[in-house]
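Here is the structure we will look at.
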Amino acid sequence: MPQGVFSRETKYPVAFESPDHIAPKGTAVNNSTNKKFILQMDKKLHGEFGNETLRMMDLGCSGGQTVADFMKLHWQGVGLEGSDFSLKHRRANWAKFANTHLFTCDITKPYQIKVDGQPAKFHLITAWEVMEHIPTPELDQVFRNVVDHLKVGGYFIASTTETPDIHQGIELHQTQWNNQQWRDYVAKNFLDLEYMDVGLKIYQFVRYNFLHPSFLLYRKNVPGAFRSDKFS
């Protein structure tokens with residue numbers, strides 16, 4: 001198992017106001033993974049970063065299986081989950097990795113993940129059908145947290161859904177944007193994230209909406225570097 005002790009610093013360890021905490025659905029049952037994605041990204045990032053110890057973080061990690069599978073390939077892995085449902089029930093990988101690799105955290109608020117007491121930078125950050133659960137005004141802080149935790153040259157990969165999801169009378173999907181709306185938002189507000197084709201086929205992604213597949217694929221550039229999609 002890779003060395004490195006993770007810790008999470010935040011004033012908001014649980015997203016108490018989130019509909020997903022109030023009416024748990026995916027957070028209570030999902031434990032998604034896709035070994036095709038994991039093997040592809042392992043090959044790609046080792047090719048780009050050499051023998052460097054790789055780190056990944058999964059936002060909205062639910063049962064934590066994606067994190068656990070990356071760790072099997074000797075990555076340092078962290079998962080963040082806004083609801084404490086899986087923690088309280090010691091569900092899936094939380095029984096083994098709670099508060100060592102899987103942490104509760106409101107990702108719409110500032111937080112800091114550290115490794116061995118120092119701010120951690122990640123080669124890969126993922127969010128599978130998570131971003132649409134965020135209220136639109138709070139997206140700015142979510143993306144700021146991503147940028148702050150990404151290593152230069154590292155990747156942010158997410159899938160989004162534009163359709164409603166009403167559970168127990170509560171709408172879980174609070175930002176129902178299509179892919180172009182997401183890309184326009186990032187291009188306008190986060191200039192060090194460059195849209196990047198990472199060579200993944202649709203069957204390699206961990207989760208996505210089969211009717212409206214939408215993927216956010218970004219690499220963090222050196223601040224001030226040229227971006228092909230930068231607004232003029």
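The values are calculated or read from the model by the stated rules, or taken from the named source; none is laboratory data. Since we're looking at a predicted model, the values are computed, not measured. Here the Cβ positions follow ideal geometry from the backbone for every residue, glycine too, while neighbour counts run over all protein chains shown.
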For the range 37-51, enumerate the residues that are part of a loop (DSSP other than H, G, I, E, B) and at pLDDT 95 or above. Gly50
If we keep just the residues of the range 52-92 that are part of a helix (DSSP H, G or I) and hydroxyl-bearing (Ser, Thr, Tyr), which is nearest to His123 (Cα to Cα)? Thr66
Exposed (fewer than 14 other Cβ atoms within 10 Å of the Cβ), touching a strand residue (DSSP E or B) at 6+ places or on another chain (Cβ under 8 Å) and among the β-branched types (Val, Ile, Thr): which single residue out of Val5, Val14 fits that description? Val5
Checking the structure you have, find out if any residue of the range 22-36 is under 26 Å from Gly153 (Cβ atoms) and in a helix (DSSP H, G or I). yes
On the basis of being of a type in the set (A, V, I, L, M), touching a Ser or Thr at 6+ places or on another chain (Cβ under 6 Å) and surrounded by fewer than 20 Cβ atoms within 10 Å (Cβ to Cβ), does Leu73 make the cut? no
